[in-house]
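No lab work stands behind these numbers, since they all come straight from the coordinates. This structure is a prediction, so every number in the text was calculated from the model and none was measured.
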Amino acid sequence: MSISHTRLTAAVALTGALVLGTPALAVAAPAAGSASAGSASAGTSAAAPAVARHAIPFTSATATQQADGSFTLNWTAPGARNVTVYAGTDPDDIRHRKAVAKGTGSATVTVTGLAAADRWFFELVPDRGAPLVVADRSLHLASAPNFRDAGGYRTADGQWVRMGVVYRSGDLSKLTDQDLAKLRRLGVRTVFDLRTPGEQKTAPDRIPAGATAVNANVLGAADTGAFNVTSPQAAVQAMVDAERTMVSADSARTAYHAVLNALVERNDENVLFHCTAGKDRTGWASAALLTALGVPRETVEADYLASNTYRAAEIAATLAHLPPAYQAIYKPLLDVRSEYLAAGFDEVQRKFGSFDGYLESGLGLDKRDLRDLRSQLLVG
């Protein structure tokens, strides 16, 4: 079968929802729970003001929900001798009535016996320093496997990005009524759609009742163009070029300004941003946010690449419908790679001189905005 002149639109190449003349792509629904393998995250508690002035001693912390409903918690807290764990469904109000686990300053524990809930958060309380809240990063939505918390990372200066505030996802059109009710209970009140009008029309968003939908089309009119991809190398180059566009295009800068500005001005309402696959346009939104908050580059990259884990079943199902020659071409379009993200940061340096320059000149965020953003989203 000839693989020449495979026609893709620029927007579709970014999403992974590929369109061919032949063969037709019938993407199977991702398996439930497919994201759990990579669903570890950490955050902080806004509670306990009496200890807020003390540094959070944890240098790493994760929580992963297992298939049997138990949770595996891992942490490292240099300087702490003992850590007590409490569980709750509100990250800002975890009661210390009964500990669910205990460990030393560096430990792995398993928590069992918790009732079903929208989301469990675990407060790690050290004998020295301030507490830290961790939760499974994934929301375990079978209809949106790449739906996850965008927070929960440690900054270079030892603060932590709050969890349960900012979420990222792919396509929302398949969310069930139960999913929407869950998101409403989790406080999702603003939804930024980073897709093109064509994508929005093909797969209209389903959002929680009472939430505000915001159109933040990153690509602008780019969905009307097309380009040819005839080799894996060409596919990689197309994605590298697309990443640069997400930094420098006027439409992209307007869209990402809207997302970050909403977080600067948020009023205790939680925010979700998404595209179609939740990996490229959404990936850069997360990378820009985390970098603005002071999260190290290697951590930003790990968050970016995690889409490959969360979408593993979806990617495999798409490739399974293609002959081997097509698989080699399409895989670079379906996954994310370090070189794609690197191209975005290179474009920042080329066009704006520095990331601070990108935030100020590219996204229109001044120093006061950045202080407010960090005040909203960082603790510790």
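When the gyration tensor of the range 196-322 is built from Cα positions, what are the square roots of 5 times its three eigenvalues, in whole Å, from largest to smallest? Working shown, then result.
Values: eigenvalues 124, 70, 58 Å².
Whole-Å semi-axes of the equivalent ellipsoid: 25, 19, 17.
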Cut-off under 21 Å on the C-alpha distance; same-chain residues fewer than 8 positions from K351 excluded. Which lysines are left, in chain and number order? K367
Could you list log10 I(q)/I(0) for the range 307-369 at q = 0.18, 0.20, 0.27 Å⁻¹, which the Debye formula gives when each Cα is one point scatterer? -0.72, -0.78, -1.05
Over the Cα atoms of the range 238-380, what Rg and Dmax result, in angstrom? 16.2, 53
Considering just Cα atoms, how many Å³ per residue does the convex hull of the range 48-201 enclose? 126 Å³
Hey, got the Cα dimensions of the range 232-274 along the principal axes, in Å, largest first? 45, 19, 10
Stretchable slack from Q237 to D366, in nm (0.36 nm times residue separation minus alpha-carbon distance): 43.1 nm
Translational diffusion coefficient (Stokes-Einstein; Kirkwood radius from C-alpha pairs) of the range 54-136 at 4 °C, 1.567 mPa s, in µm²/s: 103 µm²/s
The range 141-226, convex hull of Cα, quarter of hull surface, nm² -> 7.2 nm²
Kindly write out, for the range 194-211 in residue order, the coupling ³J(HN,Hα) from the Karplus curve 6.51 cos²θ - 1.76 cosθ + 1.60 (θ = phi - 60°), rounded to whole Hz, with x marking Gly and Pro. 8, 7, 7, x, x, 5, 4, 5, 5, 9, x, 4, 10, 10, x, 4, x, 7
